[in-house]
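Written out below as structure tokens is the structure these notes cover.
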Amino acid sequence: MVTTAQLPGWLAKLYPFRAQPFLTPYGATMSYVDEGPRTDEAVLMLHGNPTWSFFYRDVIRELAPRVRCVVPDHVGMGLSDKPQDYPYTLATRIADIEALVASLKLRRVHLVAHDWGGAVGFGWAVKHPDLIGRIVVLNTAAFRSPHIPARIALCKTPWLGTVLVRGFNGFAWPATWMAMNQRKLSAEEKRAYLYPYGTWADRVAVNAFVKDIPLGETHPSYGTLAGIEAGLQGLSEKPMKIIWGGADFCFNGQFLNRWQQLFPKAELVYLPKAGHYVLEDAKPEAEKLVGDFCLMKCK
């Protein structure tokens, strides 16, 4: 794990939080941010691939004065350990979050999920619906889909995809511009997103997340995702806000339509010009929407 003290000055200014260590059930150290009042109520923010907790930096700043914010880096991502032999599967990811929440003794959790954070977060939520308060969905999925963009399908291939993702940073680097539409990330923002993924070894989980996309029944994570999808009905009465970037090259309108079918009572804010990194591309509007919704009825 990389400690906050080890961060270069330029990044510490953008990410002014103290990283906390947590030992996962499989023996890796997960880095997480724990900011705000130490109550048993928290906003749990889960990032996807190839981002890290940096994605939520401004939401943390907005919320932390009034509510606890718990924001982990998945193992292999961000400032967390990057073991080369970790079981990088959806089930393991869910177990990691389950253990973290239990260790913090949280009794009410407001879930914010983006990209792979959706499958991981809802995977935990369907097992613990009694703990769930509010839910924010940000261009993500927690159900099966045959849809995959050709560029991601290429990265998913066993040999060539691995060389592209781990050898040439052909996933994290293109995302710094492909995931944006109406604005460009600044040079420092791009640098921050790429900071954890500088070498072949550092990109082990970026590659593993792509490989873990379950498109067929024989995939090791297919059953896990199918189980999550089956359990979503148990969250149907939870207050939910969907904040959706309409210019997402990956999570397109098919995914949004499925969310609306599953959760017809959910509030929708559709941002037609925002790309996949919706919090970045529609800043500060999207960040304020997240903050206002999570603060409703908080203690």
In the stretch 51-76, what count of residues is obtained for those that are closer than 21 Å to S221 by Cα and out of contact with any strand residue (DSSP E or B) (no Cβ under 9 Å at 6 or more places or on another chain)? 1
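Tell me, please, whether a residue that is of a type in the set (V, I, T) and assigned to a helix (DSSP H, G or I) can be found in the stretch 98-114. Give the derivation first.
Of the stretch 98-114, the ones of a type in the set (V, I, T) are 101, 109, 112.
Now restrict to residues that are assigned to a helix (DSSP H, G or I): 101.
For the stretch 98-114, residues of a type in the set (V, I, T) and assigned to a helix (DSSP H, G or I): present.
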Take the residues in the stretch 32-57 that are acidic (D, E) and surrounded by fewer than 19 Cβ atoms within 10 Å (Cβ to Cβ); name whichever of them is farthest from A286 (Cα to Cα). D40
Regarding A175, is this residue free of Cβ contacts under 8 Å to residues at least 12 places away in the same chain and either of a type in the set (A, V, I, L, M, F, W, C) or more than 25 Å from T4 (Cα to Cα) (or both)? no
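I need the full set of residues from the stretch 174-196 which are assigned to a helix (DSSP H, G or I) and crowded, with 16+ Cβ neighbours inside 10 Å, in order please. Explain how you work it out, then say what you get.
Of all residues in the stretch 174-196, those assigned to a helix (DSSP H, G or I) come to 174-178, 187-194.
Those that are assigned to a helix (DSSP H, G or I) and crowded, with 16+ Cβ neighbours inside 10 Å: A175, T176, M178, E189, K190, A192, Y193, L194.
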Only residues that are surrounded by fewer than 16 Cβ atoms within 10 Å (Cβ to Cβ) and outside any loop (DSSP other than H, G, I, E, B): list them for the stretch 134-151, please. A150, R151
Is there a residue being surrounded by fewer than 15 Cβ atoms within 10 Å (Cβ to Cβ), touching a helix residue (DSSP H, G or I) at 6+ places or on another chain (Cβ under 7 Å) and modelled with pLDDT under 95 anywhere in the stretch 212-223? yes
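Quick check on T199: is it without any contact (Cβ under 8 Å) to a residue 60 or more places away in the chain, farther than 23 Å from F249 by Cα and of a type in the set (S, T, N, Q)? Spell out how you get there, then give the answer.
Numbers: without any contact (Cβ under 8 Å) to a residue 60 or more places away in the chain: yes; farther than 23 Å from F249 by Cα: yes; of a type in the set (S, T, N, Q): yes.
Answer is yes for this residue.
I'd like the residue in the stretch 197-224 that is assigned to a loop (DSSP other than H, G, I, E, B) and hydrophobic (A, V, I, L, M, F, W, C) and, out of all such residues, is nearest to the chain's Cα centre (by Cα). Break it down stepwise before answering.
In the first step, residues of the stretch 197-224 are kept if they are assigned to a loop (DSSP other than H, G, I, E, B); the result is 197-200, 212-221.
Retained after the next criterion (residues that are hydrophobic (A, V, I, L, M, F, W, C)): 200, 213, 215.
Numbers: W200: 22, I213: 14, L215: 20 Å.
Within the stretch 197-224, the match that is nearest to the chain's Cα centre (by Cα) is I213.
The values are calculated or read from the model by the stated rules, or taken from the named source; none is laboratory data. Because the structure is a prediction, the values reported are computed rather than measured. So basically every Cβ, Gly included, is an ideal-geometry build from the backbone, and we count neighbours across all protein chains shown.
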